Amino acid sequence: MGINMYQKELEILKKRNRFREKKLYENVIDLASNDYLGLAEDIEILDKAYYETKKLGLHSAKASLLVNGYTKAHKLLEDELKKLNNFEEAVIVGSGFLANMALFELGRKGDLFLVDEEYHASGIVGSKLTQAEVKFFRHNSINDLENKAKDYKKYNRVFIVVEGIYSMMGDKVKKEITEFGQKIGYLIIDEAHSVGVCGNSLMGIADEYNLNPKKTIKMGTLGKALGSYGAYILANKEIIDFLLNKAKSIIYTTALNPLDVYLSLFGLKKIQENLNDFKEKIEKRKLTFNSDSLIKIINAKDNQTLLKKQKELLNNNILIGAIRPPTVKTPIFRVIMRTNIKLDIISQTIKFLG
């Protein structure tokens, strides 16, 4: 074992144009990030969050949620999330990855998870840690889901696991899948990419489809439309209590720091205060580019073409997502149609890629 222990694998990745590396992107027109509403660049929100954090007297949680990492900031955000989403209880989690891992700890022996095959990688990792049986169904296929669920009555608990908007597809979960999930068990819905984008109050698919909070377990992130970092889980009190006592990714991790919590809280308030304006901009983008979401996916011929076109756009100060296998089956351009970017810039970018 020496310094060349992974060199061969890295060289193979480079030859296949799959090699990843960190890059600094400064002063670009950002059509790559998940900051859908531009709140991550909102100085007013930052000023408010900084003021409240300073008043709180600490800018780090310092400990896990269950030691003394739970602050007034966390409670305020949980209360706001419960109110806006009509759920009984909430818990703030360190990241969406940790939240998804926690959700799969709801499964015990004799339980079943039915998971959409395009579910986020964090859920795939979580599914390997659960005590329950796990079955994957074809993406957004109600027929395959019903077929895989034929014997659901033999299980103690059944969880149907979907995303509100699929991050690498840009499509919404079908309503009939959410209805079927709530009929045979509990619907677990990852709303990372649908909060701030869908629903009458822009609270996601649970809002748009009017899902039953007693039969729904909702996970959302704070690092996308809310312009901060972290995640949350909404459910009934019994489920949240169970997670607080059993989910390792909640119990054994440091709580989210108060500044991120306050940034999320004021991001939520900004959305509600400017609801009609945001909804108008979102709807215009969806209609203009024929999309269910603010994610526009365009197929690329191969990895080489993908990276070449991304570089050409970057030379014109425009950054887009260039997503390669194994994240996706085939290479794609991923354009985020952010509400604070002019429509003509988005249109020209999509035309160039198409």
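The values are calculated or read from the model by the stated rules, or taken from the named source; none is laboratory data. Just so you know, these numbers come straight off a predicted model, no measurement behind them. Every residue, glycine as well, gets a Cβ built from its backbone with ideal geometry; the counts of neighbours run over all protein chains shown. Protein only, heavy atoms only, side chains kept; ligands, DNA and RNA dropped before computing areas. Shrake-Rupley method; radii C 1.70, N 1.55, O 1.52, S 1.80 Å.
The gain in end-to-end length when the residue 269 to residue 54 segment is fully stretched comes to 75.4 nm, 0.36 nm per residue minus the alpha carbon separation.
Calculated from the structure, percent of Cα pairs over 35 Å apart equals which of (1) 36; (2) 26; (3) 31? Entry (2).
Do me a favour and compute the ellipsoid semi-axes for the stretch 205-354 from its Cα gyration tensor, root of five times each eigenvalue, largest one first, whole Å. Before the final figure, lay out each step's value.
Numbers: eigenvalues 227, 85, 52 Å².
That gives 34, 21, 16 Å for the three semi-axes.
Heavy-atom accessible area for residue 190, with the other protein chains in place and a 1.4 Å probe, reaches approximately 10 Å².
With only alpha-carbon pairs counted, each pair once and no self-pairs, how large is the Kirkwood hydrodynamic radius of the stretch 72-219 in angstroms? Present the calculation step by step, with values, prior to reporting the outcome.
On the way: mean 1/r = 0.0649 Å⁻¹.
The Cα-based Kirkwood calculation yields 15.4 Å.
Computed from backbone phi with θ = phi - 60° and the Karplus coefficients 6.51, -1.76 and 1.60, the 3J(HN,Hα) list for the stretch 144-149 is 5, 4, 4, 5, 5, 9 Hz; x is used for glycine and proline. Residues in the stretch 1-129 average 60 Å² of solvent-accessible surface per residue, probe 1.4 Å, ligands and nucleic acids excluded. Computed over the stretch 165-279, the quotient of the alpha carbon radius of gyration and 2.2 N^0.38 Å is 1.11. Take the Cα of residue 248, go 7 Å toward its beta carbon, and the backbone nitrogen atoms of the stretch 124-141 under 13 Å from that spot belong to 126-131. Residue 129 contributes about 110 Å² of solvent-accessible surface, heavy atoms of the protein only, 1.4 Å probe.
Taking amide H as placed 1.01 Å from N in the peptide plane, the amide H of residue 113 sits under 5 Å from that of 133, 134, 135, 159, each at least 5 places away or on another chain. Computed from Cα atoms alone, the Kirkwood hydrodynamic radius reported for the stretch 1-135 is 19.7 Å.
Ranking 36, 7, 349 by how far each Cα lies toward the positive end of the dipole of the chain (charges on Cβ) leaves 7 at the top. Only beta bridges with both residues in the chain are counted; by DSSP, about 50 percent of them are antiparallel.
Could you give the size of the charge dipole of the stretch 164-264 about its Cα centre, using +1 on the Cβ of each K and R and -1 on the Cβ of each D and E, expressed in debye and rounded to the nearest 20?
Numbers: 11 positive and 10 negative charges, 47 e Å.
Approximately 220 debye in magnitude.
Rolled with a 1.4 Å probe across the full set of protein chains, the surface gives residue 44 an accessible area near 90 Å².
Let me check against my output: what whole-number percent is the relative contact order of the stretch 303-352, with C-alpha pairs under 8 Å and at least 6 apart?
Values: 35 pairs, mean separation 13.6, N = 50.
So the answer I get is 27 percent.
Couplings 3J(HN,Hα) of the stretch 112-129, computed from phi: 9, 10, 10, 10, 4, 5, 9, 5, 4, 4, 5, x, 5, 4, x, 5, 7, 9 Hz, in residue order, whole Hz [Karplus 6.51 cos²θ - 1.76 cosθ + 1.60, θ = phi - 60°; x for Gly and Pro]. Just checking the listed ones, 85, 274, 140: in the Gaussian network model of the chain with Cα springs under 10 Å, the one fluctuating most is 274.
May I ask you to derive the relative contact order of the chain, considering only C-alpha pairs under 8 Å and at least 6 residues apart, and to give it as an integer percent? Working shown, then result.
Working: 652 pairs, mean separation 86.8, N = 354.
25 percent.
Just the protein heavy atoms count here, and of the accessible area of the stretch 142-187 at 1.4 Å, carbon and sulfur take up 44 percent.
Taking all Cα-Cα distances within the stretch 287-354, those exceeding 18 Å account for 34%. Here the chain is assigned +1 on the Cβ of each Lys and Arg and -1 on the Cβ of each Asp and Glu. Its dipole about the Cα centre then comes out at about 940 debye.
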